[in-house]
1. Need pairs with beta-carbon distance below 8 Å; first residue touching a residue at least 60 places away in the same chain (Cβ under 8 Å) and of a type in the set (Ser, Thr, Tyr) and within segment A:148-169, second surrounded by fewer than 21 Cβ atoms within 10 Å (Cβ to Cβ) and not in a loop (DSSP other than H, G, I, E, B); sequence gap 6+ or separate chains.
2. Counting only residues that are touching a Pro at 6+ places or on another chain (Cβ under 9 Å) and away from chain B (no Cβ under 14 Å), how many does segment D:206-231 have?
3. Here are some conditions: (1) more than 20 Å from the chain's Cα centre (by Cα); (2) within 14 Å of chain D (Cβ to nearest Cβ); (3) of a type in the set (Val, Ile, Thr). B:ILE181 meets all but one. Which one does it not meet?
4. In segment A:28-44, what residues are surrounded by fewer than 17 Cβ atoms within 10 Å (Cβ to Cβ), within 20 Å of the chain's Cα centre (by Cα), at pLDDT 80 or above and within 26 Å of B:LYS53 (Cα to Cα)?
5. Take C:TYR284 and tell me if it is among the hydroxyl-bearing types (Ser, Thr, Tyr), assigned by TED's automatic domain parsing to the domain that holds C:ARG171, assigned to a strand (DSSP E or B) and touching a residue at least 60 places away in the same chain (Cβ under 8 Å).
6. Determine which single condition D:PHE124 fails, assuming it passes every other condition in (1) more than 7 Å from every other protein chain (Cβ to nearest Cβ); (2) in contact with a Lys or Arg (Cβ under 7 Å, 6 or more places away or on another chain).
7. When you check B:LYS198 against the structure, is it open to solvent by 60 Å² or more (accessible area, probe 1.4 Å) and farther than 29 Å from B:ASN29 by Cβ, yes or no?
8. B:SER257 - would you say it is of a type in the set (Gly, Ala, Ser) and part of a strand (DSSP E or B)?
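The values are calculated or read from the model by the stated rules, or taken from the named source; none is laboratory data. Because the structure is a prediction, the values reported are computed rather than measured. Here the Cβ is made from the backbone with ideal geometry for all residues, glycine too, and neighbour counts use every protein chain on show. Accessible surface is based on the protein model in full, side chains and every heavy atom, while ligands, DNA and RNA are left aside. Shrake-Rupley method; radii C 1.70, N 1.55, O 1.52, S 1.80 Å.
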Number of protein chains: 4
Amino acid sequence: MFKKVKDPGIGISSDERAKRFINPDGTFNIRHINRRTSFSRSYSYLIGISWLKFFGWVTLGYIVINLIFAVIYVLLGISAITKPTGSYVLDLLNAFFFSAQTITTVGYGAMAPKGLWFGIISSFEALIGLLSFSFVTGLLYGRFSRPKANVRFSSTIIIKEHKGQDSLMFRLMSRTTNVMIRPKIQVTLSLSKESNKKYINEFYNLDLQRSNITYLPTTWTVVHPINKNSPLCQFKRNEIPKLNGEILILVSYYDRSFNQEVHQAHSYVLNNIILDKSFIPAFYYGEEGYTILDHTKLSKLD
Amino acid sequence: MFKKVKDPGIGISSDERAKRFINPDGTFNIRHINRRTSFSRSYSYLIGISWLKFFGWVTLGYIVINLIFAVIYVLLGISAITKPTGSYVLDLLNAFFFSAQTITTVGYGAMAPKGLWFGIISSFEALIGLLSFSFVTGLLYGRFSRPKANVRFSSTIIIKEHKGQDSLMFRLMSRTTNVMIRPKIQVTLSLSKESNKKYINEFYNLDLQRSNITYLPTTWTVVHPINKNSPLCQFKRNEIPKLNGEILILVSYYDRSFNQEVHQAHSYVLNNIILDKSFIPAFYYGEEGYTILDHTKLSKLD
Amino acid sequence: MFKKVKDPGIGISSDERAKRFINPDGTFNIRHINRRTSFSRSYSYLIGISWLKFFGWVTLGYIVINLIFAVIYVLLGISAITKPTGSYVLDLLNAFFFSAQTITTVGYGAMAPKGLWFGIISSFEALIGLLSFSFVTGLLYGRFSRPKANVRFSSTIIIKEHKGQDSLMFRLMSRTTNVMIRPKIQVTLSLSKESNKKYINEFYNLDLQRSNITYLPTTWTVVHPINKNSPLCQFKRNEIPKLNGEILILVSYYDRSFNQEVHQAHSYVLNNIILDKSFIPAFYYGEEGYTILDHTKLSKLD
Amino acid sequence: MFKKVKDPGIGISSDERAKRFINPDGTFNIRHINRRTSFSRSYSYLIGISWLKFFGWVTLGYIVINLIFAVIYVLLGISAITKPTGSYVLDLLNAFFFSAQTITTVGYGAMAPKGLWFGIISSFEALIGLLSFSFVTGLLYGRFSRPKANVRFSSTIIIKEHKGQDSLMFRLMSRTTNVMIRPKIQVTLSLSKESNKKYINEFYNLDLQRSNITYLPTTWTVVHPINKNSPLCQFKRNEIPKLNGEILILVSYYDRSFNQEVHQAHSYVLNNIILDKSFIPAFYYGEEGYTILDHTKLSKLD
């Protein structure tokens, strides 16, 4: 018989306004407040954002730092690096260019610092430049090399007869061309039940037909048979997609490109379950005897 | 019944002057002497210090190296790079700027080396510069990317009735917004007993209500029930905070940002136990249906 | 008795055109189509290719970027950086050299940008240069430091009497001078059987004389005894090399240079089995009392 | 009773010339021949050597590359970068300095390339320079950050009565100030026995009083009791140091600075055993209540 299990750690008693625990992108549905800030957070932030945002921040930072130094150079007297043009804007632009030539260590020399203050400030601007580009080098490397699970889950989850029994199924694959080594999966059902006008969450482990395999080069259809050991057997098949609940998933596998074990969380809400459809195969034999895996078919139903 | 366990490895028979084994920051209370020094220690040191100290050392190093080269250039004759000013200080400053332009590889060229010795020395200063900034690049990356457990422990530890039984409780959470995956905790009690004017340490494992969970997105209240299996059951509840003992904690979890298992040690001294207070919840539901986790409430008691 | 096992995850029902599951280089025989492209893929690609290709791409990229900027500079008017030569080709070359001096941050200054547009573009070219070389730094480090299993398998696989029993044997060693720590091996046989003009794959685990050892400083001859527990005992020894099947191998060990566990897949097709030959020893005692390991003898038979 | 175990993987039948299997530095006593060379080996080599050798190679490489380019520049005609001096040596030196200014990207500009060939060659020298320093950045970071076990073993190994029984003992500690987390140790005895003028190795696991602990902040005395389960009980205590044998050790622990598990091999030859001496404590209580750990006392006997 199915049994309630302890809260896997969610530790949240939801009320009626509660949204899902785990978002489709694998993050948990938590807002943090009053967190102590630290310099390391900028690194985490810059590692986590999209490439577009990343290059946006780098370019913006480059312009802002150069503008700050340009203003300093203009205030100190532009004549120490180049002939004043008479126009404040053109002088500022020249100072900007001198700053850029210093911070990138290009240093053409057509503009070069004269005098004490320009010597000191440009010496430290070059230092700041090198430190900044060291930081960016680390960020770029960190963005690329950070071990990260790359599981793609089907957007669809179905209930369908499979080997004579209603079964809950979803599908997953690697987002990359890497074969997942020894993938393992753990599936927990959370059901939100009303009790005295408060919603209480109950948790159940869902037994799987197979919860681990040796390699995963193509797709894996994860199958939970809705037999008498399943907490879902207490509901009629049509009722299940109307329940207020969530299927919490934790996949781990050994990733061959990082050569270490990686984990990824995911969740489906019960409302998304589609009845009586099947997944169509995502791979087939090509002309030359190779197996062809079509990434666009992961979530396709017939 | 509770049983003494072997020394978990502390390996220290304390006497009456002894302080705690593990400091609140998770380091062990050991001073090392006569340790062989090596170049690698500078890296470990510069990885471990605060950002303020780190940039202080970098700036100091930059000034000192440039000063050394400036003195060399002045001794060799400043006229090989720029017109002598007649003032020793100004010549030294110009040499300093030339050195900075060389070591950062800015090389404006308004000052450029002439002659054999200036050619050789500036060639190697540029090499030293590149090696130094390579080193700093590695340090910066190492500082940011080093896998590190980020557990925050409540500053408070309490004894309170919980489910009809006195229980020892403390609380922990992630310092970051990352969800801790499969956290595990091991708690050992060390009691210091007098025997023939020497203090002997005895060690006991403390059973926990739950010693591992699947995820930890919010806070975890670790509960040790003071039942007949607890070594603390031999004392009256009021006596416990007067004992000379320490609670040694080792937490490990899989960190999603480093994608590897990390460990963190911590300890509480028994004297810090507060009786009959409870932790107030650190999270609540916000307006928009999100769980709000307030980092400042981790150690708050009602 | 030998027993069929579940598909280890290959998940492919082959037909008569099917080639092997795992290639001799350990990759799986899959073609991916319609995979979402991302910037990170260029990193994976540049990490995975040979050194020759890598430096080819770097050089090509360097020439192309400089050409693009050279064309821009010529279109904007070469006179802003150097005297026009009157020849379009020579002007383009000068612009190319100026671009190279900017992107590498050499910036001799004999050519230096004048005016607004040259100032802006050269400022950003220097930024692009530093970002590109940061990227290349990460690639170089990633190429060298990426944890990677370095097992070399014998190209030959034999069946031979060993301790009074026919045994299947192959040999492996470390490609590097590192000793493999705690190597483990798992061997699966796949047999392709015809049924209604379709080929069905059956999988069997092969028992090994030893499936794990403590260290592997030299070579390891992996031995599968073809006794009554072996799925191969149903065939005559001469028939085995004519079967349509594959031996799938997964080796894992703790690598001392990366200090982590690494995995490597490999496979042999049954057609490659050689009968009644033995491996000659790959190591012997040298003059000075050292064991000499000859890497060229791994696959040598007597 | 003690039992022979299988060869832990050494796989070597020694003859009378054989030296020890594992050297005191933890490397195995193997010479590799006919190993395929690859570019990656230079990285492994440069990662593994001492700091002195490393900087030696970097400096040598810098001088050699600059000399090669200097010769090319002189052959192409020094007048394209600076005024010829008339002296071949001085011209070569100037070309060397120009090369150094190019490869480090200092580019003062007092010497700057004119003409087609100088433009092309200097453009690519700057590229080579940046790639080389990227490589050196990776090397420096790799040298510092590579996870590595840092166990120091006592140079001495003793047999002494301990709790009423002769015991084999050696001592180990961390070379760093890091506390070793969950250290584990596995000890194997190899005995070389003569048989028909050939030496045969037999292997035995040695039982330890404790083979794992939770933390190791100070020193760990590893104790093998020579009771009836010990293969050493068949010899008289005075005979043991005269046996031809080796004690093979594999230690693994979780390192807090790398936050991963690391392994280290070590060995003692039986001839080094000292009878009836004890290790003196390596730590004591200091004035201020701290435990003082004296690294020089690890191998000290009374």
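1. That search, which allows pairs on different chains as well, returns A:SER154/A:PHE279; A:THR156/A:ASN272; A:THR156/A:ILE274; A:THR156/A:PHE279; A:THR156/A:LEU301.
2. Looking only at that region, the number is 2.
3. The failed condition is (2).
4. Matches in segment A:28-44: A:SER42, A:SER44.
5. No, not satisfied.
6. Every condition holds for D:PHE124 apart from (2).
7. No, not satisfied.
8. The answer is no for B:SER257.
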